[in-house]
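To keep things clear, I will list the structure first and then write my remarks on it.
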Amino acid sequence: MAQESNSGQGAGHRRRARGRRRKARSPRRKALLITAWIAAGLVLLGGGGLGFLYFKFNGNLTGVDINAALGTNRPENIDNGSQDILVLGSDSRAGANGKYGKDEGSARSDTAMIVHVYKGHKTASVVSIPRDTLVSRPECKAPDGTTTPPVKSAMFNDSYSVGGPACAVKTVEQMTGIRMDHYLEVDFAGFQKLIDELGGVKITTTKPIHDKDSHLDLAAGTHTLHGEQALGLVRTRHGVGDGSDLGRIKLQQAFIKALLDQMKSIGLFTSPGKLYGIADTATSALTTDSDLASVNKLLDFANGLKSIGSGDMRMVTLPVTYDASDPNRVVPLDSKASRIWQALHDDQPIPEDAVKGSAGDKTGADDVVK
């Protein structure tokens, strides 16, 4: 059996050239992965002849030209019918987000997921990347135009802090050898408003969850979480399991599945009359790559994804182990991570044994939310 490596560098460098190539096509498919499904469905309003709404929602969207920022130094773009999307939840503490912590002048990627939509767009795999994962960060351009040098071992969420969305995408592509087709981002305040507009999300907790830092106080039982509580749930790390980011990821994944079920149950994708407030909030909260930064393109994206329900989505966490020199950091288990990236590259299911034996299996946060 191959020995696991504690280095976060190997897989990305060995496999960089093994990305995917796709010809230009009409796009289909943090916060969170959540916003991708919400915002995409909302733009159905734009196709209903309501031109003034189309222009309003179009003007809400913020786009980042990832292709121009990264140029040609990227994994190859292979057309095999699948799609890969980097979804980030930004941890900015500015403005309305200030209640969740001190504004230190920069944002961080509090939540990161690679979403792989398989050929046919009926199923998907989601790989969560712990924000404290030590990875090789490539050279990136900072917002002020200066260039930040590459760093051999840096926390994953530092990429977003030093170079914004483009640097986050570049780091993921270096890690995986897979070209990201799209980028989606939502911040704390936007996420909270979205959940309120949806009328809340029903979840069941098997144990009490108490975390004053994330404003969360839940007894065991069934709850309809509105914006403040929902945000607290996906942010809490001290209220469940061993208090680590790995435990928080388990809660985020469970909440996303509950949210997808909620959206299906209220007919979000089939009742434009329900969508105005949600559409306005979602498009205002979203930052996307420039290829998705219009209502029409989001509509195409939605039409390719709305058959994917919670039961059609497999959610895993990047296999990691605790760093020997700092127990507050984790490093990828390279041989397992490489098998995951290879499976996604080949548009194949993630092997079961590739996600076993990770530090994330021992957090005590499994099945706390269902």
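At 0.36 nm per residue, minus the direct Cα-Cα distance, what do HIS226 and SER310 gain on full extension? Give it in nm, one decimal, please.
Extra length available between HIS226 and SER310 comes to 28.3 nm.
For VAL330, which sequence-distant residues (separation of 5 or more, or a different chain) have an amide H within less than 5 Å of its own amide H, given hydrogens modelled in the peptide plane?
THR133, LEU134, ASP323
Using modelled backbone amide H atoms (1.01 Å from N, in-plane), which distant-in-sequence or interchain residues come within less than 5 Å of THR317's amide H?
Amide H to amide H, under 5 Å and 5 or more residues apart or across chains, THR317 pairs with SER128.
Between ASP367 and SER335, what length comes free when the chain is fully extended (0.36 nm per residue of separation minus the Cα-Cα distance, one decimal in nm)?
8.8 nm
Provide the packing ranking of 72-80, 199-207, i.e. peptides ordered by the mean count of other C-beta atoms within 10 Å per residue, highest first.
Values: 72-80: 13.6, 199-207: 16.9.
Output ranking for 72-80, 199-207: 199-207, 72-80.
List nothing, just return the count: lysine pairs in region 277-370, 8 or more apart or interchain, with Cα separation under 24 Å.
Eligible lysine pairs with Cα atoms under 24 Å apart amount to 6.
Report, by chain and number, residues whose modeled amide H sits under 5 Å from the one on THR123, excluding near sequence neighbours (fewer than 5 apart, same chain).
TYR118
Keeping every protein chain present and rolling a 1.4 Å probe, give me the accessible area per residue for region 168-234 in Å².
The answer is 34 Å² per residue.
If DNA, RNA and ligands are ignored and the probe is 1.4 Å, what is the ranking of SER82, SER265 by accessible area, most exposed first?
These residues rank, largest area first, as SER265, SER82.
Hey, rough spin-label estimate for THR62 and HIS210, points 7 angstrom out along Cα→Cβ, what's it come to in nanometres?
It is 3.7 nm.
The values are calculated or read from the model by the stated rules, or taken from the named source; none is laboratory data. As the structure is a computational prediction, the values presented were derived from the model and not from experiment. For neighbour counting, all protein chains shown are included, and Cβ atoms are generated from backbone atoms with ideal geometry for every residue, glycine included. Side chains are part of the model used for accessible areas, which takes the heavy atoms of the whole protein and leaves out ligands, DNA and RNA. Shrake-Rupley method; radii C 1.70, N 1.55, O 1.52, S 1.80 Å.
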